[in-house]
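First the structure, in the form of structure tokens, and then the observations on it.
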Amino acid sequence: MILSELNKGIYYVGVNDRTSSLFESLWSLPAGVSYNSYIVKGDKTALIDTVHISKAKNFIANIKTAIGESPIDYVVINHMEPDHSGAIDYIVKSFPDVTIVGNKKTIEMVEGFYGSISNTKVINDGDVLDLGDGKSLKFVITPMVHWPETMMTFEQSSSTLFSGDAFGCFGALNGGVIDAECDVESYIPEMYRYYAAIVAKYGTFVIKAIEKLKGLRINRICPTHGPVWQDYMMHVIDLYDRLAHFTPQNGAVIVYGSMYGNTEDIAELIARELTVNGVSVRMHNIATADLSVVLADIMRFKGLIIGAPTYNSSIFPPIQNLIEAIVSRGIKNRVLSTFGSYTWGPGISVKIEKSFESLNYDTVSCKIEMKQSILDNDLYNRIEEFAKVFAEKVK
Ligand code: FEO
């Protein structure tokens, strides 16, 4: 590895994963993912987070490149999810005198996942660990971004924030580490997808964390996934803040399930009419779409239109799964409409609409419910009328 020194004595020692096809065995990784880790070197040396166990060998090689045969004195654990804590055991075996640093919940999880470790140091919110030679680490407890133990670490002399999952994104690093070295535009859709899949449920905690960070003068953000943010730091904070508040942009997403293409016919007509009325539209067939891409678009756009056929007297299962994903994340501030189709069991459109009751959406009931096929229905006028009303709310 060619060493990346972010600031005097602060090194990137993370790894890329372009082998795993799924993150958390759930979310696709078309562009891979990076597991970021950093070294802060004063008189004492601290490692900030580790990496997924599958990359431990590369990780140790990167550490050696940064510090040679010097010891690691501390491993600061900002987040215990095993994509970051997986190599703890490996580090402890390689550096037997190392001290694991974390808050009370962190240390409990360390022992739960990796067994008893002899040297641990429990820190509290606001504590400072002096590394000597001008380097010091201040700990900022930020629970539920993304697990209960999550915290951030601030190196005070360089104003560097090690932020854990916050401000991270999918996408392996393609040679560049700092944003100025990266094709940033390629990471922004991966940030939406990452946030929608991993962080969205915890928006209120992201907001609290961002508020708490306002007391710090930050020069760079070093997340656990994706580029280090310097030039684009404010842009990324703003994007996370908007996502956490579920602030949408104009436009609409249509997601539908369709067994034989009849429900899809309605989706196409709605999309066309919305477009004629000036709405930017994205469409997804839930049977073939990537759920993380669908959720990312739902996080992005104001209008949400969902359609499905009746299936076993209920909602077509992949759409039911999508509804659960939206409701469990508590995605707010959307304009909703639903449509459905049936052969002999009507009422699916209303059933879908009711599934979202807890989210208090601004709902436009389009009453578009098709019996069997579009041939037997006078739906065109209703779709035209619906599209005019819906368009006014989302453009
Ligand atoms: Fe990247 Fe929540 O772990």
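The values are calculated or read from the model by the stated rules, or taken from the named source; none is laboratory data. What you see is a predicted model; the values in this text were computed from it and never measured. Positions of Cβ are generated from backbone atoms using ideal geometry, with glycine treated the same way; all protein chains shown enter the neighbour counts. These area figures cover heavy atoms from the full protein model, side chains too; ligands, DNA and RNA do not enter into them. Shrake-Rupley method; radii C 1.70, N 1.55, O 1.52, S 1.80 Å.
Provide the per residue accessible area, probe 1.4 Å, for the chain, rounded to a whole number of square angstrom.
Working: 16190 Å² over 395 residues.
Per residue, the chain has 41 Å² of solvent-accessible surface.
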Under a 5 Å amide H to amide H cut-off, with H placed in plane at 1.01 Å, what residues pair with Gly307 once short-range neighbours are removed?
Val255, Tyr256, Gly257, Phe339
Amide H partners (placed H, <5 Å) of Val101, local residues excluded:
Val75, Val76, Ile77, Lys121
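Mean separation of Cα pairs under 8 Å and 6+ residues apart, divided by the residue count of the range 229-316: what relative contact order is that in percent?
On the way: 103 pairs, mean separation 35.1, N = 88.
40 percent.
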Efficiency of FRET from Cβ geometry, Lys57 and Glu111, R₀ 30 Å, rounded to 0.05:
0.75
Place the peptides 80-87, 228-235 in order of packing, highest mean first, counting for every residue the other Cβ atoms within 10 Å and averaging per peptide.
80-87, 228-235
Say we join alpha carbon atoms closer than 10 Å with springs in a Gaussian network model of the chain; which of Tyr74, Tyr260, Tyr380 then has the biggest fluctuation?
Tyr260
Shape call, the range 256-302: gyration tensor on alpha carbons, a/c limit 1.5
oblate
For the pair Lys104/Lys201, report the inter-label distance in nm, with labels modelled 7 Å from Cα in the Cβ direction.
2.4
In whole percent, and with a 1.4 Å probe on the protein chains, what portion of the accessible area of the chain is carbon and sulfur?
50
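Largest first and in whole Å, what are the equivalent-ellipsoid semi-axes of the range 228-326 based on the Cα gyration tensor, each being the root of 5 times an eigenvalue?
Values: eigenvalues 172, 56, 21 Å².
For the range 228-326, the ellipsoid semi-axes come out as 29, 17, 10 Å.
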Please turn the phi angles of the range 301-317 into ³J(HN,Hα) values with the Karplus equation 6.51 cos²θ - 1.76 cosθ + 1.60 (θ = phi - 60°), one per residue in order, whole Hz, x for glycine and proline.
10, 6, x, 10, 10, 10, x, 7, x, 5, 9, 6, 6, 9, 7, 2, x
If the label point sits 7 Å along Cα→Cβ of Asn360, residues of the range 315-332 with amide N under 15 Å come out as 330-332
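Work through the residues other than Asn381 whose Cβ is under 12 Å from its Cβ and net out their charges, Lys, Arg +1 and Asp, Glu -1. Kindly include the intermediate steps, with their values, before the conclusion.
On the way: positive: Lys367, Arg382, Lys388; negative: Glu273, Asp378, Glu384, Glu385.
Here the charged neighbours net out to -1.
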Among the aspartates and glutamates, which have Cα under 14 Å from the Cα of Lys214 when same-chain residues fewer than 8 positions away are ignored?
Asp238, Asp241
Compute the FRET efficiency between Glu5 and Glu324 as 1/(1 + (r/R0)^6), taking r as their Cβ-Cβ distance and R0 = 51 Å, and round to the nearest 0.05.
0.65
Per residue, the convex hull enclosing the alpha carbons of the range 186-270 has a volume in Å³ of 138
In Hz, Karplus ³J(HN,Hα) per residue of the range 92-101 (6.51, -1.76, 1.60; θ = phi - 60°; x = Gly, Pro):
4, 5, 6, 10, x, 8, 5, 10, 8, 10
Taking a ≥ b ≥ c as the square roots of the Cα gyration tensor eigenvalues, with a/c under 1.5 meaning rounded and otherwise prolate when a/b beats b/c, else oblate, which class fits the range 268-363?
rounded
Can you give me the distance in nm between label points at Asn124 and Thr288, each placed 7 Å from the Cα along the Cα-to-Cβ direction?
5.9
Under 5 Å from the placed amide H of Val13, counting only residues 5+ away or on other chains, we find Ser37, Tyr38, Ile39
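So if each residue of separation counts as 0.36 nm, and I subtract the Cα-Cα distance between Gln249 and Ser136, what length gain in nm does that give?
Working: separation 113, 0.36 × 113 = 40.68 nm, distance 4.05 nm.
Result for the pair: 36.6 nm of gain on full extension.
Can you give the calculated 222 nm mean residue ellipticity of the chain, where each DSSP H run of n ≥ 4 adds -39,500 (n - 2.57) and the sum is split over every residue, rounded to the nearest 500 deg cm²/dmol? Please list the in-between numbers first.
Values: 12 runs with 129 residues, N = 395.
Per the formula, -10000 deg cm²/dmol.
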Given +1 on the Cβ of Lys and Arg, -1 on the Cβ of Asp and Glu, and no further charges, what dipole in debye does the chain carry about its Cα centre, rounded to the nearest 20?
460
Apply the Karplus curve 6.51 cos²θ - 1.76 cosθ + 1.60, θ = phi - 60°, to the phi angles in the range 151-167 and return the couplings in whole Hz, x for Gly and Pro.
8, 10, 10, 10, 8, 6, 5, 9, 6, 9, 9, 9, 9, x, 5, 4, 6
Simple SL model, points at 7 angstrom along Cα→Cβ for Ala31 and Thr19; separation in nm is 2.3
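Quick one: grab the alpha carbon gyration tensor of the chain, order the square roots of its eigenvalues as a ≥ b ≥ c, and give me rounded if a/c is under 1.5, else prolate or oblate depending on whether a/b is larger than b/c.
Judged from the Cα gyration tensor, the chain comes out prolate (a/c at least 1.5, a/b above b/c).
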Computed over the chain, the relative contact order (Cα-Cα under 8 Å, seq sep at least six) in percent reads 12
Calculated FRET efficiency for the pair Asn312/Glu185, C-beta based, R₀ 41 Å, to 0.05:
0.40
Place a point 7 Å from the Cα of Asn219 in the direction of its beta carbon; the residues of the range 1-27 whose amide N falls under 14 Å from it are 5-11
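Report the per residue volume, in Å³, of the convex hull enclosing the C-alpha atoms of the range 331-392.
On the way: hull volume 4.6 nm³, N = 62.
Given the Cα convex hull of the range 331-392, per-residue volume reads 74 Å³.
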